[in-house]
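In what follows, a single structure is set out as structure tokens and then discussed.
The values are calculated or read from the model by the stated rules, or taken from the named source; none is laboratory data. The structure displayed is predicted, hence computed values, not measured ones. For neighbour counting, all protein chains shown are included, and Cβ atoms are generated from backbone atoms with ideal geometry for every residue, glycine included. The accessibility values were calculated without ligands, DNA or RNA, using every heavy atom of the protein model including side chains. Shrake-Rupley method; radii C 1.70, N 1.55, O 1.52, S 1.80 Å.
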Amino acid sequence: MLFLPDSCGRFSVGATTFKLPVCPKVLGTAKIRRNSHSDGGPSVKPALQLDEVIFTAYYPADIQGRNIKKGLDWLLRSVSELRCQRAFTGISTWFLWPIVYLYGRLLKIPVYPNAPLLRQRPTVSPEHTQARSETCLSSWPLVIFSHGLGGSRTAYSQVCTRLASSGRVVLAIQHRDGSGHAFISSTTGPGLYVKEEDLIWTSNEETTMINFRQQQLTFRQYEIYLAFYSFKQLIQDGYKGSNHGLRPIDEGFIDWSSWLSDVDTKAVECEKDVLLAGHSFGGATVAIVQFTILSTDPPAGISAPIPVHKALILDPWLEPIPSPGPRPPQGPGGVLPQLLVINSEKFSLWKDHFARLIGVVQAWEPEKRRILTILRSQHESFSDFSLLPLVSRRPARIVMDRIVELSEAFIDGNVDKFVNEIATRKMEIRIVGKKPDGPPQRQLVGEVGELIAH
């Protein structure tokens, strides 16, 4: 058995995957052509059809006196998943099979599946010690996480479990918009990564992949709202049976009473201070959702907005977002959510993209250093991929530690203090060679894990 690195936080971490069946809703006009699994022939279906919302909750778990085996599958293991991996990567099935078998059969996330939610939350003293209060209990804060292209609800388990082990509930959405490498739906079967050649356009609108990405962002907005709204109902009203609201994705036993708030304490705080987080295309999703929450009403059928307090955006990919934007609403009103962007070195060296990022962030946070670059980080450094057993290296672990430290400091309101207490660098670029196609290979001056505050 292979395990990803343990979170090593104050709390043991549980993980439960929920699903919410919804009335089918088609967004956009694009369709996709796929081979049918029943007769092998081609079939055409809507590219963006919402009929189910799926997410995995990572949370502080109550494992005291319980016989729960540690380990959650990191990768889906069905033969259909192998076809999905091929659709995303374009690599031969024969080459992929050993990799999928190794990580699908053996690799586990170090969490306790379907463990009860811990209801006794100790309060950390103002001195940030491990001292515990026996009388002061509070609700767990809520984080909603959106994955990037090729990601999934388990592909960012390192970030999610570390946040959970420090005392938060994290909902990792499984986006079913064709942006993930694969998903398995209980209603429509395997869902595959959508490439441009898969798309069939049925209107005269702009038939580009960027236009489809913009439609995916709208689809993702619905998923996030529905996930939050249904989770909030579970916390407030409890489990209503298999025909109402959220239900488990598997047949494992769940102590539903641990999720239900009582008279004195909410199990999870859903009324205020929600944090949105996302990576890459998920970072663009967070930017769009945050902007939309402040400027428009929730999607039809959802009665209340998400009370977002902060947005953590990891190495965002902004190209699918229409320009200019996203911009905060103008005029008097409430306080804007706080914003932090953590960028990879590569994306900070991407001149046009970085210039646009600076413009977007300055519109939200004009006086604060809200973009940080981690030296020697790669775009995939924010996911589990750089920490997989047999391929993980020390620099990748240093970068992941820095990502989580910054994320926790931001959530706790201490990010400026954290940045001021560690060494930061000015942005200096050096040439270290040539790329295969001729242009110079650029690199930021500094050592792995060091920060640049922009």
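For this structure, a couple of remarks:
- Asp412 - accessible surface, heavy atoms, 1.4 Å probe, Å² rounded to 10: 90 Å²
- Ligands, DNA and RNA left out, the 1.4 Å accessible surface of the range 340-449 is 50% carbon and sulfur atoms.
- The slack between Val22 and Arg430, meaning 0.36 nm per residue of separation minus the straight C-alpha distance, is 141.6 nm.
- Solvent-accessible area, 1.4 Å probe, carbon plus sulfur percent, for the range 166-278: 47 percent
- Normalised by 2.2 N^0.38 Å, where N is the number of residues, the alpha-carbon radius of gyration of the range 365-425 equals 1.24.
- Global form of the range 333-454, assessed from the alpha-carbon gyration tensor, a/c cut-off 1.5: oblate
- Accessible surface comparison of Val399, Val445, Val26, probe 1.4 Å, protein chains only, largest first: the order is Val26, Val445, Val399.
- Sequence ranges 159-167, 258-266, 13-21, ranked by mean other-Cβ count within 10 angstrom, highest first: 159-167, 13-21, 258-266
- Around Phe385: net Lys/Arg minus Asp/Glu count, Cβ-Cβ under 14 Å: -1
- Nitroxide proxy distance, nm - points 7 Å out along Cα→Cβ at Asn211 and His353: 2.4 nm
- Heavy-atom accessible area per residue - the range 399-441, 1.4 Å, Å²: 64 Å²
- Once the C-beta distance of Lys69 and Lys45 is scaled by a Förster radius of 30 Å, the resulting FRET efficiency is 0.20 to the nearest 0.05.
- When each of Lys195/Lys351; Lys69/Lys240; Lys240/Lys272; Lys19/Lys45; Lys31/Lys434 is checked by Cα-Cα distance, pairs over 30 Å: Lys31/Lys434
- The range 425-435 - phi-based ³J(HN,Hα) in whole Hz, Karplus 6.51/-1.76/1.60, Gly and Pro as x: 10, 6, 7, 10, 10, 10, 8, 10, x, 10, 6
- Here the Debye sum runs over all C-alpha atoms of the range 227-284 as equal scatterers in vacuum, and log10 of I(q)/I(0) at q = 0.13, 0.16, 0.24, 0.28 Å⁻¹ comes out as -0.44, -0.62, -1.01, -1.16.
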